[in-house]
Amino acid sequence: MPQKILILGSGAREHAIGWKILQDNPKVKLFFAPGNGGTSKIGNNLDIDVNDTKRLLNFASENNIDLTIVGPERPLANGIVNAFQKKSLSIFGHTKEATILESDKAEAMLFMQRHRIPHPDFRIFTDSKEAEEFVRNPAWEKFVIKASGLADGKGVVLPGTEEDAILTIRKMMIEGEFGEAGKKIVIQERLIGKEVSVIGFVSNEIGLLVPAQDYKRIFDNDKGPNTGGMGAYAPNINITQKQLNEVYNFILLPTKLGMEQEGKPLCGVLYVGLMMTKNGPKVIEYNMRFGDPETQVQLRLLKSNLLQTMKNCIDGKLTQKDYKSSSDVAVGVVVASDGYPGKYEVGKEIIGNDKNFGKDVVIFHSGTKREDKKLVSSGGRVLTVTAIGKTRQEASKKIYNVIDEISMSGKFYRSDIGR
């Protein structure tokens, strides 16, 4: 009897998780809730919203699902793991209590302060007038404004002027651009350095995937507004093994131990967004799940069995041998709809993505769906085209050759990923 795995989410991250599980365990039966046009080719898509905990519980229970894997952050913050655990259903992800490091950025900053984890200087505001007053005479030359709650990767603004900062505060706190997420904001010192995404599994042990580099801005050369991510590569050239050891000892381990001390033990994926400053690595943010688009490149390099690693995590049996990675380089480029991260059109037919581009290239879907035997766009980020090579340049060249062969009206992508 094949194992049945339910993966929650509809992005390229979830497609990549399913793809990797099938690479390791070809007989596994996959279900995606709700999935996308790509996941429908490797498993069964379910018409169940990722935040509909009750229906997901019922499906997992009635269909004897062996393991449920949570992709996005919102179900974690809603307490889906707690609900499954109460029913003795196996699920991979953090509890609602542990997810606070992502779901409340203000609480995360206070946690780092309590446990002396390196972080930028910050202030927390619940009153817009006080926040405006602060940015008129800030404590630092440059700063970042963040909605404290979950804002789907769009609640971070790097204002260029005082006017921008005031406008941002009003949009978040008064106009409710991000709903409840922006009622409380964090203003923090803008750090200078190179960004690194350190992502791994945490339970009894901490085991790291290959560090990745994410590209957040919409345009080449890191211009324009922040997005959910326009591409990534791994391994990241901006961190050495010595620095990674430092991150382990002064950031990852204190985070794990600190959460245990506070009665919120971690069991799942921990993503630490770091800035490599002249004074050492500092935490910009925590995420309590796999990154997107980092996962798409990290899983292309992971040699170990992902499903077994997740089970070991749940059972408190993680070991360092769970994290063998290839010595190759992986690059991923997001193909988006023109207008993203603002307004964009959907329903654009996508042609050419299902050609055989060779074993080094794998395309993961996000904002796609199948309509009358056609593949059409259904979101801002549409595909992540990944490739592996001996160098970033080699992998990157393969990707851009493939993107040229994919046809979609209003196709938009950065041309400098991995270059």
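The values are calculated or read from the model by the stated rules, or taken from the named source; none is laboratory data. If you're wondering where the values come from, they're calculated on a predicted model, not measured in any experiment. Every residue, glycine among them, receives a Cβ derived from its backbone with ideal geometry; neighbour counts consider all protein chains shown.
May I ask you to verify whether Glu349 is exposed (fewer than 15 other Cβ atoms within 10 Å of the Cβ) and modelled with pLDDT of 95 or more? Yes. Scanning region 99-117 for residues that are within 17 Å of Ser148 (Cβ to Cβ) and assigned to a loop (DSSP other than H, G, I, E, B) gives Thr99, Asp104. Answer yes or no: is there a residue in region 327-345 that is exposed (fewer than 14 other Cβ atoms within 10 Å of the Cβ) and within 18 Å of Val402 (Cα to Cα). No, that holds for no residue.
Scanning region 373-394 for residues that are assigned to a strand (DSSP E or B) and more than 14 Å from Phe412 (Cα to Cα) yields a total of 7. Kindly indicate whether any position in region 266-286 is under 14 Å from the mean Cα position of the chain (by Cα) and over 18 Å from Met109 (Cα atoms). Within region 266-286, one or more residues are under 14 Å from the mean Cα position of the chain (by Cα) and over 18 Å from Met109 (Cα atoms).
Just wondering, is there one or more residues in region 243-266 that are in a loop (DSSP other than H, G, I, E, B), modelled with pLDDT of 95 or more, crowded, with 22+ Cβ neighbours inside 10 Å and touching a strand residue (DSSP E or B) at 6+ places or on another chain (Cβ under 8 Å)?
The answer is yes; a qualifying residue exists.
For region 74-88, a tally of residues being surrounded by fewer than 18 Cβ atoms within 10 Å (Cβ to Cβ) and either part of a loop (DSSP other than H, G, I, E, B) or aromatic (Phe, Trp, Tyr) (or both) returns 3. I'm checking my understanding of the structure. Among residues of region 61-73 that are more than 16 Å from Gly18 (Cβ to Cβ) and of a type outside the set (Ser, Thr, Tyr), which one is surrounded by the fewest Cβ atoms within 10 Å (Cβ to Cβ)? Top of the filtered list is Glu62. Counting only strands (runs of 3 or more DSSP E) that fall entirely inside region 152-235 and contain at least 1 residues that are more than 15 Å from the chain's Cα centre (by Cα), at negative phi and crowded, with 22+ Cβ neighbours inside 10 Å, the qualifying elements are 185-189, 194-202.
Residue-wise test of (1) in contact with a Phe, Trp or Tyr (Cβ under 7 Å, 6 or more places away or on another chain); (2) outside the structural domain of Gly153 (by TED's automatic domain parsing); (3) at pLDDT 95 or above; (4) of a type outside the set (D, E, K, R).
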{"position": "Arg13", "(1), (2), (3), (4)": "yes, yes, yes, no"}
{"position": "Val28", "(1), (2), (3), (4)": "no, yes, yes, yes"}
{"position": "Lys41", "(1), (2), (3), (4)": "no, yes, yes, no"}
{"position": "Leu46", "(1), (2), (3), (4)": "yes, yes, yes, yes"}
{"position": "Thr53", "(1), (2), (3), (4)": "no, yes, yes, yes"}
{"position": "Glu73", "(1), (2), (3), (4)": "no, yes, yes, no"}
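Under the condition of being part of a helix (DSSP H, G or I) and in contact with a Lys or Arg (Cβ under 9 Å, 6 or more places away or on another chain), the residues counted in region 267-315 number 8. Taking the listed residues Ser407, Ser377, Ser396, the one that is of a type in the set (Gly, Ala, Ser), under 20 Å from Ala330 (Cα atoms) and either at pLDDT 95 or above or touching a helix residue (DSSP H, G or I) at 6+ places or on another chain (Cβ under 9 Å) (or both) is Ser396, with no other qualifying. Number of residues in region 363-385 that are surrounded by fewer than 22 Cβ atoms within 10 Å (Cβ to Cβ) and either among the hydrophobic types (A, V, I, L, M, F, W, C) or in the same structural domain as Leu299 (by TED's automatic domain parsing) (or both) equals 1. The set of residues in region 133-151 being charged (D, E, K, R) and surrounded by fewer than 17 Cβ atoms within 10 Å (Cβ to Cβ) consists of Glu133, Arg136, Glu141, Lys142. Against the criterion of being closer than 22 Å to Asn305 by Cα and among the basic types (Lys, Arg), Lys20 qualifies.
Of the residues Gln320, Gln308, the single one that is farther than 25 Å from Gln213 by Cβ and of a type outside the set (A, V, I, L, M) is Gln308. For Leu299, the conditions (1) more than 23 Å from Tyr233 (Cα to Cα); (2) out of contact with any Ser or Thr (no Cβ under 8 Å at 6 or more places or on another chain); (3) of a type in the set (A, V, I, L, M, F, W, C) all hold with the exception of (1).
Exactly one residue out of Leu8, Leu57 is under 18 Å from the mean Cα position of the chain (by Cα) and at pLDDT 95 or above: that is Leu8.
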